[in-house]
Amino acid sequence: FAKTPCMRLYSWIGKSLSNKILNNPYKEWIITYSDEKFDNLAKSLENLIDSSKERYDINQANYLYKRAMQLELDFFNAYSNY
C-alpha cells in the first residue's frame, strides 16, 4: 500500500505531460507513466486499500497518504525551477 500515492502521482504527471513528448529528454518516462496500463495498476492498488478487510484508522491512513504526497512534491521541487 505504501507505493500507492507515488503511483497515483506518477500517473497524473505522466498524463499531464503526455502532450509534451516531442523532443523531450523525458519522453520514455512520460510514455511509461501516462500509459493506461500504469493508471490501471494504480487504480488496482487503490481498490485493494478500499476493499481491505484489515482494520485501520481512516484518519491515520488519510494523514499518511497526504504525507506521502507531500514528500513526493518535495522531491520534485528539490530538482525543479518551478
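The values are calculated or read from the model by the stated rules, or taken from the named source; none is laboratory data. Treat the numbers as computed from the prediction; the structure is a model and nothing was measured. Cβ sites come from the backbone with ideal geometry, for glycine too, and all protein chains shown count toward neighbours. Calculation scope for accessible area: heavy atoms of the full protein, side chains included, ligands and nucleic acids excluded. Shrake-Rupley method; radii C 1.70, N 1.55, O 1.52, S 1.80 Å.
Tabulated values for the structure
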quantity	calculated
In the range 70-82, the residues that are open to solvent by 80 Å² or more (accessible area, probe 1.4 Å), modelled with pLDDT under 85 and out of contact with any helix residue (DSSP H, G or I) (no Cβ under 9 Å at 6 or more places or on another chain)	Tyr79, Asn81
In the range 9-42, the residues that are among the charged types (D, E, K, R) and either over 25 Å from Asn62 (Cα atoms) or in contact (Cβ under 8 Å) with a residue 60 or more places away in the chain (or both)	Lys20, Lys27, Glu28, Asp35, Glu36, Lys37
Boolean, Arg67 is open to solvent by 90 Å² or more (accessible area, probe 1.4 Å), basic (Lys, Arg) and within 14 Å of Pro5 (Cβ to Cβ)	yes
Residue list for the range 23-32, filter: open to solvent by less than 50 Å² (accessible area, probe 1.4 Å) and out of contact with any Leu (no Cβ under 6 Å at 6 or more places or on another chain)	Asn24
Qualifying residues in the range 33-42 (those that are of a type outside the set (Phe, Trp, Tyr) and within 13 Å of Lys15 (Cβ to Cβ)) - the one surrounded by the fewest Cβ atoms within 10 Å (Cβ to Cβ)	Lys37
Helices (runs of 4 or more DSSP H) within the chain that include 3 or more residues of a type in the set (S, T, N, Q)	4-17, 36-50, 58-78
Single residue of the range 44-59 satisfying the filter (open to solvent by less than 90 Å² (accessible area, probe 1.4 Å), of a type outside the set (Asp, Glu) and modelled with pLDDT of 85 or more) that is farthest from the chain's Cα centre (by Cα)	Ser44
Residue list for the range 1-43, restricted to those being aromatic (Phe, Trp, Tyr) and either under 11 Å from the mean Cα position of the chain (by Cα) or under 16 Å from Phe75 (Cβ atoms) (or both)	Tyr10, Trp12, Tyr26, Trp29, Tyr33, Phe38
